[in-house]
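The next block holds one structure in the form of structure tokens; read it before the comments.
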There are 4 protein chains.
Amino acid sequence: MIRFDCDYTEGCTQAVLDALTKTNMEQSVGYGEDAHCENARNMIKAVCKTDGDVHFLVGGTQTNTVVIKTALRPHQGVIAADSGHISVHESGAIESIGHKVITLPSEQGKITAGQIEACVDAHYADSTHEHMVQPAMAYISFPTECGTLYSKAELEAIYDVCKRKGIYLYIDGARLGYGLESDECDLDITDFANLCDAFYIGGTKVGALFGEALVVVNDTLKKDLRYIIKQQGGLLAKGRLLGVQFEALFENDEYFKISRHAIDLAKKLKAGLESKGVNFLFNSPTNQLFPILPDEKLEELLKDFGYSYWQRVDDKNSCVRFCTSWATSEQAVNKLLENI
Amino acid sequence: MIRFDCDYTEGCTQAVLDALTKTNMEQSVGYGEDAHCENARNMIKAVCKTDGDVHFLVGGTQTNTVVIKTALRPHQGVIAADSGHISVHESGAIESIGHKVITLPSEQGKITAGQIEACVDAHYADSTHEHMVQPAMAYISFPTECGTLYSKAELEAIYDVCKRKGIYLYIDGARLGYGLESDECDLDITDFANLCDAFYIGGTKVGALFGEALVVVNDTLKKDLRYIIKQQGGLLAKGRLLGVQFEALFENDEYFKISRHAIDLAKKLKAGLESKGVNFLFNSPTNQLFPILPDEKLEELLKDFGYSYWQRVDDKNSCVRFCTSWATSEQAVNKLLENI
Amino acid sequence: MIRFDCDYTEGCTQAVLDALTKTNMEQSVGYGEDAHCENARNMIKAVCKTDGDVHFLVGGTQTNTVVIKTALRPHQGVIAADSGHISVHESGAIESIGHKVITLPSEQGKITAGQIEACVDAHYADSTHEHMVQPAMAYISFPTECGTLYSKAELEAIYDVCKRKGIYLYIDGARLGYGLESDECDLDITDFANLCDAFYIGGTKVGALFGEALVVVNDTLKKDLRYIIKQQGGLLAKGRLLGVQFEALFENDEYFKISRHAIDLAKKLKAGLESKGVNFLFNSPTNQLFPILPDEKLEELLKDFGYSYWQRVDDKNSCVRFCTSWATSEQAVNKLLENI
Amino acid sequence: MIRFDCDYTEGCTQAVLDALTKTNMEQSVGYGEDAHCENARNMIKAVCKTDGDVHFLVGGTQTNTVVIKTALRPHQGVIAADSGHISVHESGAIESIGHKVITLPSEQGKITAGQIEACVDAHYADSTHEHMVQPAMAYISFPTECGTLYSKAELEAIYDVCKRKGIYLYIDGARLGYGLESDECDLDITDFANLCDAFYIGGTKVGALFGEALVVVNDTLKKDLRYIIKQQGGLLAKGRLLGVQFEALFENDEYFKISRHAIDLAKKLKAGLESKGVNFLFNSPTNQLFPILPDEKLEELLKDFGYSYWQRVDDKNSCVRFCTSWATSEQAVNKLLENI
């Protein structure tokens, strides 16, 4: 069985494992106040060219919840694509902290500056707006849950609208590395610090055992964030584990190199599928591919391969998701292609 | 200026005012444990032919919040029409207590048994359903926010689905009287106790100064409800004010008679508008009418009449809402018709 | 049966009732945006000599919840006396919106500037303070739940500490009138606008059917308050009912006169009890009295009088509460005294 | 510098590290549905002799929040010692999910069956109990935050009260191993499945990098727990990391052996301190010791040793905390003793 279900089927890169092993019996204080975390924070600030605050959290739902809890007042909501992770796949985590996710219809997982502007304008144009949830933040994923990317122009337009309308922009970068290394990406990591109020650099899906590095750019979101992380159960006791992993990921551009590896194999897989006449539900230039395949073939594949079932397309065909990752081997991709 | 904006522009019926005046200097215990509340609860149980619990609350948002807070566990959500009051007009009250409103597209303000069934089935069919909000209640309004009604067959089908799927059905009856007295209504008030788990009989819009009578039919929703009413700030200190008003409303069928008065005038207004060739956005058989009128005419009307602006229809015409109520006079309707 | 249980056993003053009756068939817009509310707000601003914002709410728990929800961030808590209303008698309303009530031991229902300062200092002195709830507001009641009062000097000291420590001060004035009219009170209503960030003028217990006038002095608490009132189910549909009542209460100093009436009768009752050798649990100079009486006598009184049982004092004696109010008659007090 | 600050200064035991290393490149499904988690769950059920449900979470605050969110209805609160972790050290996590922590005064970190019974009885005896938070769960820590233990008789008495009063009992076992291996402990791990409704076996402080194994004994708490874990951000993507660690901890009684190691060294340290005439604030028979030492000596120790400052005892002496753990060496203890 070779799994292409998702990008977190294995543990961590060798470099991360070595770092954890090497530092295992070191003694340090807890909760992220140790030297490894401090060093990793500085490395990330340097690579992003920002003096934003960096916090390490264990997972994405936790990170999203912490940022949104920090940013919004009780009557405010967060705008997101209807396909956004906070809209559908966090078991109501955002509502559980009191906030509505104001969903916009998305195309290929993306929403536009125009949609966000219209949403905010419609709110204030309504004479009963005090009876409605006030939009106060836009949430986008980069790459999106459909594997697609915002161009630099698109992101600039979105952030411009957010600033003009007085709402925050927050970017979920669970798969940030895979986005940045895509051939179609015209953004680099330093752009993010200038084009949103907060974003996170995903580790769980990009080489770490677990861990996300939250970068808070906007000063008004910085105060007392550690209290809220603790309240959400997100302040890891042995916080240095996060520092150690991010040190390893940002040493020698490891984070970018392993992301590029995943992209190279995704390109190979995509080209192979296209050469066999396979169509795709979303046109993803990153590590998640969404081919449409006959149900019969999918049934057969299950004997040897893992994938995520996505949705029915017609009565004989379905869309599934294949992910590559830092851990995928070229042989695995070849074997999958042979079987399709 | 004659207001047709909504059905709560005046105070209360003479009978309610007399009852409040007459009982004003009586002494009673607080929080709804007085004799007037006890009597009004019994009157309502008798008229509804139910042994459900009856609680009096001040307003609709409060009532909806209390019921939903009582019924749902933290990971659960409530299904509602996208036009439902809890979906759009309660400033995120439902999210503020931790629950997602799972919206379904509606037609003329209504959702169907089939939609509810599909929504629940889709949840459990998804292999990642533990990552999604679990639907656990359906919320409908009777009449809807568009003035429309569910037929008895439609309501039976909805409740049947809810029972089969193990979710609650809750009916928001802010304008219940106006629904029951519509010519098109084939339900009577005793049907509600058999066709849902909880519903409320609206007083604020139907003759009272304020007040809603919540009827909790399902035993599992009865326990400790007063704690939750208190926690939500809904336990009126001088609770007897609610008892006194509902006594007056249900004495001599007052509630139904005043509702019928509103319906009669709505019918007259509707017929008058139709005779002038006016079209309607929703086909409402109750006290809310949604005519489409030229913007120019609407502008002119504003000098003498109040209405609620609803939505733009095309570049020259808009839909507005005219409401009749227990307090509307025939002269007012005549005068409005003359001016259109 | 004559009730001294509490100060909300009757309806409203004749002036309030007359105003409601007179305006009953007026038409107005909803949710507090009508002319009566506007006028009442201006009257209150004038009497308090403040340009703070005034909002009308139905009850005290609702008002407390709205203010605290508006003021605190998620990791913050509110300091209160262990006997404070929000600490014990709101069914967890404050916790239900996510905030800890940080209780301080109280004497006769009061807390001191020194205690508040020590509480805040202790928080920041603790090296693990990010793991603890951050105190961000002090809540006091005036009069307290024990009927006692803060002197002007005490209140100045408390507000001074709050400002120095960067926390809000909020005053629950459910019985404000009865405090202001006490012989021992050296504050007048204009002082409150200068000695806290927000306070409310209680109507429910002081002459109205229901209603509290929230005065928000601090600009940072003003923004979007109506959204939060709506979200908490506190935006009364027929909001003008609150405006009409407060107009009546503040016309011709009615509010102060009726409060003085209650104080005069409380003084008479207290003097009468003292002359019979009765001791008191709290030394209240306001309309709530807390005499300690033999259980046998209390049992006997129940035949003709209502009171609130407070607490056991020893195996033969208990403390109970007698309240006078705007509605209490001198005969009632005489009769009670005759029976003790 | 040798750290005795806490029991989570190092990474994990060699066995845990080896298991993580060995399984690192295995592919598995996420979120705890893999074979390692399944195996670890079975091992824990076997060692505890229970057919309760076992869930793995990353940390203690998360675990406590999930259990309490699952168990309580909105108007209910959880009884805890005033020194309990949920009372003081979780940044308001319990309040953030809407529940009051009802604190009881504790002695040496412990509360009694009698106190719990009195607390519940007092609630229902109060005629205004619907205005108060309803106690619905008791929370105790084993060992307590003061290092002390409940005897089997004490725990039986507490659970008996809880069952009689209809409230849940939940035990926070962050340091469970260190409690079980204490000479003074008369409970073994199989007792817990019979003496509470849910408890957790702490891994973070006892040999794992991170991780707690929650054992849910009471059937009514089992339903849909994974939704709530996900909602709280506690469903680790690479869930197998938790399974792998707990497999290693429960293979060959590792968990108990490493706990015993910590206890042996704590005993040695305690005996050494006692022989030097040192007194203790709490009489702890587990791995946390609370000696009272002169401030001057404490200042001097800081050059070479880490400890947690606990509290001032008098103007020249303070209490501090020394922890031993699975990772403490005998040399470290000797060196500390030499320096005192």
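In this structure, does C:T21 turn out to be surrounded by fewer than 19 Cβ atoms within 10 Å (Cβ to Cβ) and in contact with a helix residue (DSSP H, G or I) (Cβ under 7 Å, 6 or more places away or on another chain)? Yes: the conditions hold for C:T21.
Whether a residue is basic (K, R), within 24 Å of A:A93 (Cβ to Cβ) and either in the same structural domain as A:K45 (by TED's automatic domain parsing) or at pLDDT 95 or above (or both) was assessed, and A:R240 does not pass this test. Within segment D:263-308, being in contact with a strand residue (DSSP E or B) (Cβ under 7 Å, 6 or more places away or on another chain), without any contact (Cβ under 8 Å) to a residue 24 or more places away in the chain and either assigned by TED's automatic domain parsing to the domain that holds D:Q108 or within 16 Å of D:E181 (Cα to Cα) (or both) holds for one residue alone: D:K270. None of B:K230, B:K238, B:K297 is more than 21 Å from the chain's Cα centre (by Cα) and in a loop (DSSP other than H, G, I, E, B) except B:K238.
Just one of the numbered conditions (1) surrounded by fewer than 22 Cβ atoms within 10 Å (Cβ to Cβ); (2) under 30 Å from B:E33 (Cα atoms) is not true of D:E184: (2).
Taken over segment B:94-140, the criterion of being among the hydroxyl-bearing types (S, T, Y) and more than 10 Å from chain A (Cβ to nearest Cβ) is satisfied by B:S106, B:T112, B:Y124, B:Y139.
Here is the figure for segment C:112-133: residues that are out of contact with any helix residue (DSSP H, G or I) (no Cβ under 8 Å at 6 or more places or on another chain) and of a type in the set (A, V, I, L, M) total 3. Is it the case that some residue within segment A:21-30 is touching a residue at least 40 places away in the same chain (Cβ under 8 Å), of a type outside the set (D, E) and within 16 Å of A:G203 (Cα to Cα)? Looking for residues that are touching a residue at least 40 places away in the same chain (Cβ under 8 Å), of a type outside the set (D, E) and within 16 Å of A:G203 (Cα to Cα), one finds none in segment A:21-30, hence no. Take the conditions (1) within 14 Å of chain B (Cβ to nearest Cβ); (2) of a type in the set (V, I, T); (3) more than 28 Å from C:T13 (Cα to Cα); C:V313 misses just one of them, which is (1). With respect to the conditions (1) surrounded by fewer than 20 Cβ atoms within 10 Å (Cβ to Cβ); (2) touching a strand residue (DSSP E or B) at 6+ places or on another chain (Cβ under 6 Å); (3) without any contact (Cβ under 8 Å) to a residue 40 or more places away in the chain, C:V320 lacks only one, and its number is (1).
Only one of the numbered conditions (1) away from chain A (no Cβ under 12 Å); (2) touching a helix residue (DSSP H, G or I) at 6+ places or on another chain (Cβ under 9 Å); (3) crowded, with 18+ Cβ neighbours inside 10 Å is not met by D:L235, and that is (1). Of all residues in segment A:82-140, those satisfying the criterion of being of a type in the set (A, V, I, L, M, F, W, C) and in contact with a Ser or Thr (Cβ under 8 Å, 6 or more places away or on another chain) are A:A93, A:I94, A:I97, A:V101, A:M132, A:V133.
Residues are listed down the side, and each one gets a yes or a no for (1) small (G, A, S); (2) free of Cβ contacts under 8 Å to residues at least 40 places away in the same chain; (3) surrounded by 22 or more Cβ atoms within 10 Å (Cβ to Cβ):
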site: B:C37; (1), (2), (3): no, no, yes
site: B:V47; (1), (2), (3): no, no, no
site: B:F56; (1), (2), (3): no, no, yes
site: B:G60; (1), (2), (3): yes, no, yes
site: B:N64; (1), (2), (3): no, no, yes
site: B:T70; (1), (2), (3): no, no, yes
site: B:A80; (1), (2), (3): yes, no, yes
site: B:G84; (1), (2), (3): yes, no, yes
site: B:E90; (1), (2), (3): no, yes, yes
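Among the residues of segment C:172-190, the ones that are under 28 Å from C:A271 (Cβ atoms) and in a helix (DSSP H, G or I) come to 6 in all. Scanning segment A:114-171 for residues that are touching a His at 6+ places or on another chain (Cβ under 6 Å) and either part of a helix (DSSP H, G or I) or modelled with pLDDT under 95 (or both) yields A:H123, A:H129, A:H131.
Taking segment B:1-92 and the helices (runs of 4 or more DSSP H) fully enclosed by it, the elements with 2 or more residues that are out of contact with any strand residue (DSSP E or B) (no Cβ under 6 Å at 6 or more places or on another chain), hydroxyl-bearing (S, T, Y) and facing chain C (nearest Cβ under 7 Å) are at B:60-71.
When B:E247, B:E338 are screened for being buried (at least 21 other Cβ atoms within 10 Å of the Cβ) and farther than 21 Å from C:G30 by Cα, only B:E247 passes.
Among residues of segment B:95-113 being in contact (Cβ under 8 Å) with a residue 12 or more places away in the chain and assigned to a strand (DSSP E or B), the one that is nearest to A:H99 (Cα to Cα) is B:V101.
The values are calculated or read from the model by the stated rules, or taken from the named source; none is laboratory data. Everything quoted here is computed from the prediction, not taken from an experiment. Because the Cβ atoms are built from the backbone with ideal geometry, glycine has one as well, and the counts that use them run over all protein chains shown.
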